[in-house]
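These notes concern the structure reproduced below.
Readers should treat all values here as calculations from the given coordinates under stated rules, not as data from a laboratory. None of these values were measured; they are calculated from a predicted model. With ideal geometry, Cβ positions are generated from the backbone for all residues, glycine too; neighbour counts draw on all protein chains shown.
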């Protein structure tokens, strides 16, 4: 007969979500199966650009700052896609997706957990990549590091939310590695255009152009809200 | 009570379940049959993980669906795959699912003991043998104290002692009103203590019946429509 177990003190939504994030981070810490290729890719691209671009310390470096900003964010974009492609890899490999789908957790929590784990990965990549670009390309950020961090955060939230959702969709197909960039790249255009526009000003040491910046911040905020809402509402259908 | 009405599942051109009608009362029910008879498919449909082409399954009067949190709270499922994270230890896996199910940590230690995994509780699941992983999977399915337990081949790769440990854990879980469907090739092992048996053959019910002292499943029992 069943044991008379103690009364349940059930964890809430955020505690369960935090447990799932902790699980994903622990798995990554033990295998570095996602972060290592992302970082290696970023370092390789940065070095390749450093040896192939003209001397950054030259007249007219404002124009170059826009080019460098473009390269930085494109590198983040592709590194992120490398990571997102593995969003559900541990569940697929270990057959744990059914276990998660049957867990009594609001399924938006699965989305939040996976997105949070991906956000940590993208942020870690940026923590390596931005200083590397600063060293290699003589970025004159000055006091603008905090502003750049703010831009990166706004970019990352929308990027990760959409990438996580699309990775779940792509994971249901045989050609998931191919399908994810095909789905994600067109949808992410506004985010990365905004990212380049905002960070180019910072890289050139100009600070934000107030009028233009407010428009791009609006684009990023709107994208973040829509991507998070759509992801939270539709992730469970993407998983099925 | 699990009720299946006209349950039909088709994969491509293969009919996995062919218009099954069943009414399964609470208790431990063995699901038997050769490979490809539809045992695993039946369990996945009852778990709400697979939608039938036609027909429906209800449990306690409500259609089963994994989208309903109230249903997920009541079901424990261990499929063919262990459903455990290979890089986490047995204890870490069970603690994770205990948190998700709202079960106390003490339950984890009790289950580790029940399925005799004390010696490997801190070992990564990927480093364990298939038989030990099966036992851990059963423990995971039980961690939320489910009302509906679905086990697919829980005795696969297990020796007699380990099989007995799994049976003990399920018997310990068993309570009035609770239902377990256990798909297995090891009919003899389960018939000794199950309440009823269901035999599938080619996606159809070949036999169904409750066990008495000397009873065994009879051909085309009353619950098979």
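Details
- Taking a quarter of the surface of the Cα convex hull of chain A gives a mean projected area of 15.7 nm².
- The mean number of Cβ atoms from other chains found within 10 Å of a Cβ in peptide A:12-21 is 2, as a whole number.
- Peptide B:87-97 has a mean shielding of 4, counted as Cβ atoms of other protein chains within 10 Å of each residue's Cβ.
- Antiparallel %, DSSP beta bridges [both residues in the protein assembly as shown], to 5: 55
- Isotropically averaged projected area of the range B:1-104, using the convex hull of Cα atoms (one quarter of hull area), nm²: 8.1
- Across chain A, Cα pairs under 8 Å and at least six residues apart give a relative contact order of 29 percent.
- Per-residue Cβ neighbour rank within 10 angstrom, fewest leading, B:150, A:178: A:178, B:150
- The range B:78-181 - Kirkwood radius from inverse mean 1/r over Cα pairs (Å): 13.3
- Of every Cα-Cα pair in the protein assembly as shown, the percent that sits beyond 31 Å: 50
- For the pair the range B:167-208 and the range B:37-57, the centres of their Cα atoms are 17 angstrom apart.
- Order of B:24, B:182 - criterion: other Cβ atoms within 10 Å of each residue's Cβ, fewest first: B:24, B:182
- For the range A:112-131 and the range A:170-211, distance of Cα centres in Å: 14
- Sorted by Cβ neighbour density within 10 Å, fewest at the top, the residues A:216, B:193, A:73, B:59: B:193, B:59, A:216, A:73
- Relative contact order, percent, the range B:1-75 [alpha-carbon distance under 8 Å, six or more residues apart]: 35
- Projection of the Cα convex hull of the range A:157-214, averaged over all directions and equal to a quarter of that hull's surface, yields 4.6 nm².
- Across the range B:67-225, Cα pairs under 8 Å and at least six residues apart give a relative contact order of 21 percent.
- Sorted largest first, extent of the range A:103-208 alpha carbons per principal axis (Å): 48, 29, 22
- For chain B, pairs of C-alpha atoms spaced more than 27 angstrom apart make up 30 percent of the total.
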